[in-house]
Amino acid sequence: MALLEVENLGIRFGGIVALDGVSFAVGEDDLVGLIGPNGAGKTTVFNVLSRLYTPHSGRITFAGHDLLTQRPAGVVRLGLARTFQNLQLFPSMTVLENVLVGTHTLGRSDIISAAIGLPHVVREEQRLRERASAVLELLHLQPYANRVAGSLPYGIQKRVDIARALASRPKLLLLDEPAAGLNPAEVEELADLILEIRRFSGASVLLVEHHMALVMRICRRIVVLDFGKKIAEGTPEEVQNDPAVIEAYLGEAVESH
């Protein structure tokens, strides 16, 4: 059963067609890669799914809901979370505080109750801290919990960004170029981490990434965009040997290792 269904998605910016009739689906317990050259429309897809952009045409169904009727906060409450190509951390806050920001949609207390410090608010805060701690442990970030996020190496900050998105208990996690700026050892760690996230959190993952070896290693299916159109979809082996993909993006067949 499809968790996310994107049908004939189209969006223009002035006279430029950014997406043209793009359709694909992400199932439950799935790991799908979205690849293509720079400007192919990958991040635009993420921005539409996050409701930062409104398409001119098409339908998006997520967890049985019409996603295009939702505001960005509503999308998160439905169970869709994302990271960004450029880090969006609070650099002066600790790692734990950054991850706690991601739990805000799980809370039910109002501002007045929180200010008074009612017992149910204290219990809720404890529950959210436990959730944040569990996410830190899953992403091997516990040793950095009380460190200021902006003082940490870039690779660790990327993990904190993923942890914050994961803290909201998403059904679908959108990862926008998580390997960008990482060294080869960090990319290997990231691949294992994404597989762990899917296995232990139950979230499906939609991954935009230029690091082809990473995509080919961990994704079950891959969707390929070029100039805003879907030109291929299939298993890693099918995609890396597809003539249209080779011509438009890869240049030559990509090795999976």
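The values are calculated or read from the model by the stated rules, or taken from the named source; none is laboratory data. Keep in mind that what you see is a predicted model, and the values were worked out from it rather than measured. Methodologically, a virtual Cβ is constructed for each residue, glycine included, from the backbone with ideal geometry; neighbour enumeration extends over all protein chains shown.
Some notes on this structure:
- Whichever residue in the range 155-172 is touching a helix residue (DSSP H, G or I) at 6+ places or on another chain (Cβ under 6 Å) and outside any helix (DSSP H, G or I) and, among such residues, is surrounded by the fewest Cβ atoms within 10 Å (Cβ to Cβ): S168
- Filter result for the condition that a residue is at negative phi and buried (at least 17 other Cβ atoms within 10 Å of the Cβ), over D176, D192: D176
- When residues of the range 8-48 are limited to those that are out of contact with any strand residue (DSSP E or B) (no Cβ under 6 Å at 6 or more places or on another chain) and surrounded by 22 or more Cβ atoms within 10 Å (Cβ to Cβ), the one nearest to E209 (Cα to Cα): V45
- Given (1) aliphatic (A, V, I, L, M); (2) in contact with a strand residue (DSSP E or B) (Cβ under 8 Å, 6 or more places away or on another chain); (3) over 26 Å from N38 (Cα atoms), number of the condition A232 does not satisfy: (3)
- Residue check, A185 farther than 20 Å from V101 by Cα, among the small types (G, A, S) and more than 12 Å from the chain's Cα centre (by Cα): yes
- Which numbered condition G150 misses (of (1) outside the structural domain of T44 (by the TED database); (2) out of contact with any Phe, Trp or Tyr (no Cβ under 9 Å at 6 or more places or on another chain); (3) farther than 29 Å from A18 by Cβ): (2)
- Elements of the type strands (runs of 3 or more DSSP E) sitting completely within the range 5-71 and holding at least 3 residues that are farther than 16 Å from L207 by Cα and in contact (Cβ under 8 Å) with a residue 24 or more places away in the chain: these cover 16-27, 57-62.
- Residue list for the range 195-233, filter: of a type in the set (S, T, Y) and either surrounded by fewer than 19 Cβ atoms within 10 Å (Cβ to Cβ) or on the phi > 0 side of the Ramachandran plot (or both): S201
- Long-range neighbours under 7 Å by Cβ, at least six apart or interchain, first residue over 14 Å from F24 (Cβ atoms) within the range 226-246, second among the aliphatic types (A, V, I, L, M) and assigned to a strand (DSSP E or B): P236/I222; D242/A232; A244/I231; A244/A232; V245/V224; V245/I231; V245/A232
- For R198, the stated conditions do not hold, so it cannot be described as closer than 26 Å to V76 by Cβ, part of a helix (DSSP H, G or I), touching a residue at least 40 places away in the same chain (Cβ under 8 Å) and touching a helix residue (DSSP H, G or I) at 6+ places or on another chain (Cβ under 7 Å).
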